[in-house]
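The values are calculated or read from the model by the stated rules, or taken from the named source; none is laboratory data. Keep in mind the model is a prediction, meaning the values are calculated, not measured. Cβ sites come from the backbone with ideal geometry, for glycine too, and all protein chains shown count toward neighbours.
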Amino acid sequence: MVTSTAEGTSQGRGATAPRPWGRLGAFLHRHWYAYAMVIPVVVVVGVIVLIPLLQNIYFSFTNINDSTIANPVLDRPARYEVVGLDNYGNVLSGDPSYGDFYDILVRTLLWTFGSVVFHYLFGLVLAVMLNRTLKGRGLYRVLLILPWAVPAFVSAFAWRYLFNADYGLFNAGLRGIGVADPPTWLGQSNLAMFAVIVVNIWLGVPFTMVALLGGLQSIPNELYEAAEIDGATPWQRFANVTLPGLRSVSATVILLGVIWTFNVFSVIFLITGTNNPNTRILITYAFERFFSGSTRDYAIAATYGVLTLSMLLVFTTIYLRVLRRQGEEAW
Amino acid sequence: MTATEAVVQTESRRSPPRRGGPPQRSDGRALRRSPLASVGLHAALIMASFIAIFPIFWVLVTSFKPDENALETTPKLINEPTVNNYSEVLAGDFGPFLTWFGNSLLIAGLTTVIGVFISATTAYAVSRFRFPGRRSMMLSFLVMQMFPFVVLIVPLYNLLLTFGLQGSVIGLVLVYCTTAIPFCTYLLKGYFDTIPIDIDEAGRVDGLSPFGVFWRLILPLARPGIAVTAFYAFLTAWGEVGFASAFLSGNSEGKTLAVGLQSFVSQTQVLWGHLAAASILIALPAVVVFYLVQRSLVSGLAAGGVKG
């Protein structure tokens, strides 16, 4: 509705204006404002994302690594060859020397859904509480959003220090209540996965909370008043007014949450590093193939990248389609 | 009075201060909340706030401890407090901290300004003009966020090398802008959608070009949206490690804080006190930016998600 008016104006102008360059000229005449405003982003994004992305997809069909890539310093030309679908076959076979794909996938899903579910639950509860009139609301809001403002590597440092087995505060507390042998949180066990998920939940709640708080404030008052007149209990008001009112924000927050969390690199990288198989997710493993080890297997890293992209594309397509059937739009 | 002023005035009179303002209904409900419920509400919020700030608070506490006191099995809140950690970090005992600080500010500042500006023009075009390619552009912004960016370091490195931007500030800024643009554009488009198109039309009647309307009328009205976007873009660049270590020149003078600090983490694993002090110094600018925009965060972010 908003855009149709603008379109009307520009169409009107297009019709009366002379068209010295024929159809293309008319097209440009009608849309040049829009394209002029869009072009910086299209150029920057096109060059910086599209070219490397296409190159990356191509790499995933080759055997490129540190010994076959072109090396201008040694004046060595590229020697890598196209190997077809070999990389995909190797990775998808689940062979441990190619990263035990299904094990990593399970961990990635656990990491993603563990984080997103709790981001949403905690974010929702806090947003509902903050949306009430109460003393100190502004202060609570500032304190609760603070984790978002702190650079990831500072938070990672803070949590690594808290989780430290010997002089971390958590284990000091456990010893204090009589646990003789408190666990090594960030060691080679599934506790490490638990720990990084806890950190990621802590990091992500503020964003969800703020987005949902915005959504709550856009729910019309009259709906709550009507519900109260009808004698709805607080729970009924929450279930029948608040939640439906948040559908649109929730759809977006959850979609972005899944996409972002799937590809969160910094938290695991900074807390347990890339050498802990217990906290391996797809993106950290791709990085591990890519940077550590003598081989620098760019081809396998690229393959993991393409597989990640494909899975998220499938998820998003289904997600958006289901939403559209329900009359919602998330992006 | 120009047409624009008239429209802006009627709009502001007509639309209730819904955005960002406290919800009016709560007043009615608050009166009926039992004292017990109030206590529960405050208790829950105090606990949540405690969890939110405690890790950072603990870094702050540690930053005043001598390194060896930061390694106790029963940590104390205060233990021979000193500001030596800060003075030594600032004096450059662990590398040119202030130079790194300047580099980080420059890079994050440029990312914020460039990223927000080009996201805003794009978002405005998407919000107001129905041009071919509009929907597919937004969808490709969504797809862009699905690819694990760290995997692109090699192709990006080659690309920056080709353009002669490898090792330069501007190359890194452009990469950061790219990672920030999709979400910034989405947010701002949502915000612009909430600004009535009457204002644009009145501006055009007064003889402004579409660019003039955008710059003189819409941008000032979109301040909360711009604030959130700026916050997001700033944070994208401020604490990033991976790209910064790959795309900045190897010499010590050219590093950002995040990269500089990484080298000092690996070399001096035991200097927790100094590390804590450096972390607090690095977190400060981000917290300042956060404090400046925090009033706009809720309303600015809301528009992105709430349609209609």
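Among the residues of the stretch A:283-299, write down those that are farther than 22 Å from residue A:111 by Cα, assigned to a helix (DSSP H, G or I) and more than 10 Å from chain B (Cβ to nearest Cβ).
First pass over the stretch A:283-299, keeping only residues farther than 22 Å from residue A:111 by Cα: A:291-299.
The next check asks that each one be assigned to a helix (DSSP H, G or I); those that pass are A:291, A:298-299.
Correct list: A:299 only.
Take the residues in the stretch B:78-110 that are within 17 Å of residue B:169 (Cβ to Cβ) and β-branched (Val, Ile, Thr), then tell me which one is surrounded by the most Cβ atoms within 10 Å (Cβ to Cβ).
Looking at residues that are within 17 Å of residue B:169 (Cβ to Cβ) and β-branched (Val, Ile, Thr), I get B:107.
Could you check the stretch B:159-195 and list, in sequence order, the residues that are more than 8 Å from chain A (Cβ to nearest Cβ) and either among the polar types (S, T, N, Q) or in contact with a strand residue (DSSP E or B) (Cβ under 7 Å, 6 or more places away or on another chain) (or both)?
The answer is B:162, B:166, B:167, B:168, B:172, B:179, B:194.
Go over the candidates B:213, B:113 one by one and state the one that is crowded, with 21+ Cβ neighbours inside 10 Å and more than 9 Å from chain A (Cβ to nearest Cβ).
Selected residue: B:213, the only one of B:213, B:113 that is crowded, with 21+ Cβ neighbours inside 10 Å and more than 9 Å from chain A (Cβ to nearest Cβ).
Would you pick out the residues in the stretch A:259-274 that are among the aliphatic types (A, V, I, L, M) and more than 10 Å from chain B (Cβ to nearest Cβ)?
A:267, A:268, A:271
Would you mind finding the one in A:101, A:122 that is surrounded by 15 or more Cβ atoms within 10 Å (Cβ to Cβ) and over 18 Å from the mean Cα position of the chain (by Cα)?
Just a single option satisfies the conditions, and that option is A:101.
Taking the criterion of being under 22 Å from the mean Cα position of the chain (by Cα) and at the interface with another protein chain (Cβ under 7 Å from one of its Cβ atoms), would at least one residue in the stretch B:74-96 satisfy it? Reasoning before the result, please.
Let us first name the residues in the stretch B:74-96 that are under 22 Å from the mean Cα position of the chain (by Cα), namely none.
Among the residues of the stretch B:74-96, not one is under 22 Å from the mean Cα position of the chain (by Cα) and at the interface with another protein chain (Cβ under 7 Å from one of its Cβ atoms), which makes the answer no.
Conditions: (1) facing chain B (nearest Cβ under 8 Å); (2) over 25 Å from the mean Cα position of the chain (by Cα); (3) surrounded by 17 or more Cβ atoms within 10 Å (Cβ to Cβ); (4) among the polar types (S, T, N, Q). Residue A:164 meets all but one. Number of the miss?
Failing condition for residue A:164: (1).
Among the residues of the stretch B:43-61, which ones are over 21 Å from the mean Cα position of the chain (by Cα), of a type outside the set (A, V, I, L, M) and within 7 Å of chain A (Cβ to nearest Cβ)?
B:58
Just checking, which of A:123, A:99, A:138 is in contact with a Lys or Arg (Cβ under 8 Å, 6 or more places away or on another chain) and within 14 Å of chain B (Cβ to nearest Cβ)? So that I can check it myself, show each step before the final result.
Numbers: A:123 fails: in contact with a Lys or Arg (Cβ under 8 Å, 6 or more places away or on another chain); A:138 fails: in contact with a Lys or Arg (Cβ under 8 Å, 6 or more places away or on another chain).
Checking each option against the conditions leaves just A:99.
Can residue B:266 be described as modelled with pLDDT under 80, in a helix (DSSP H, G or I) and touching a Lys or Arg at 6+ places or on another chain (Cβ under 6 Å)?
Taking the combined requirement at face value, the residue does not satisfy it.
Which condition breaks for residue A:221 when tested against (1) over 18 Å from residue B:301 (Cα atoms); (2) more than 10 Å from chain B (Cβ to nearest Cβ); (3) of a type in the set (S, T, N, Q)?
(2)
Given the residues A:306, A:241, which is the only one that is out of contact with any strand residue (DSSP E or B) (no Cβ under 9 Å at 6 or more places or on another chain), in a helix (DSSP H, G or I) and closer than 22 Å to residue A:209 by Cα?
A:241
Look through the stretch A:10-54, keep the residues that are among the charged types (D, E, K, R) and surrounded by 13 or more Cβ atoms within 10 Å (Cβ to Cβ), and return whichever of them is modelled with the lowest pLDDT.
Once the filter is applied, the top-ranked residue is A:19.
Would you tally the residues in the stretch A:55-78 being surrounded by 13 or more Cβ atoms within 10 Å (Cβ to Cβ) and outside any loop (DSSP other than H, G, I, E, B)?
Number of matching residues: 7.
Sort out which residues of the stretch A:150-174 are over 26 Å from residue B:284 (Cα atoms) and of a type in the set (S, T, N, Q), and write them in order of number.
Listed by number, the list holds a single entry, A:171.
Yes or no: the stretch B:82-102 includes at least one residue that is in contact with a Phe, Trp or Tyr (Cβ under 6 Å, 6 or more places away or on another chain), at pLDDT below 90 and not in a helix (DSSP H, G or I).
There is at least one residue in the stretch B:82-102 that is in contact with a Phe, Trp or Tyr (Cβ under 6 Å, 6 or more places away or on another chain), at pLDDT below 90 and not in a helix (DSSP H, G or I).
Would you mind telling me which numbered condition in (1) more than 8 Å from chain B (Cβ to nearest Cβ); (2) buried (at least 19 other Cβ atoms within 10 Å of the Cβ); (3) in contact (Cβ under 8 Å) with a residue 24 or more places away in the chain residue A:247 fails?
Here residue A:247 meets the rest and fails (2).
Name the single residue, out of those in the stretch B:220-232 being within 17 Å of residue A:145 (Cβ to Cβ) and away from every other protein chain (no Cβ under 12 Å), that is surrounded by the most Cβ atoms within 10 Å (Cβ to Cβ).
So the residue we want is B:229.
For a quick check of your reading: which helices (runs of 4 or more DSSP H) sit entirely within the stretch A:81-180 and have at least 3 residues that are touching a residue at least 40 places away in the same chain (Cβ under 8 Å)?
The helices (runs of 4 or more DSSP H) meeting that bar are A:86-92, A:101-130, A:137-149, A:152-163.
Can you pull out every residue in the stretch A:316-331 that is under 27 Å from residue A:61 (Cβ atoms) and either in a loop (DSSP other than H, G, I, E, B) or at the interface with chain B (Cβ under 9 Å from one of its Cβ atoms) (or both)?
Of everything in the stretch A:316-331, just one residue is under 27 Å from residue A:61 (Cβ atoms) and either in a loop (DSSP other than H, G, I, E, B) or at the interface with chain B (Cβ under 9 Å from one of its Cβ atoms) (or both), namely A:316.
So which residues in the stretch A:263-282 are farther than 14 Å from residue A:110 by Cα, in a helix (DSSP H, G or I) and in contact with a helix residue (DSSP H, G or I) (Cβ under 8 Å, 6 or more places away or on another chain)?
To start, the set of residues in the stretch A:263-282 that are farther than 14 Å from residue A:110 by Cα comprises A:265-267, A:269-277.
Add one more test, that the residue is in a helix (DSSP H, G or I), and what stays is A:266-267, A:269-271, A:277.
Within the stretch A:263-282, A:266, A:267, A:269, A:270, A:271 qualify.
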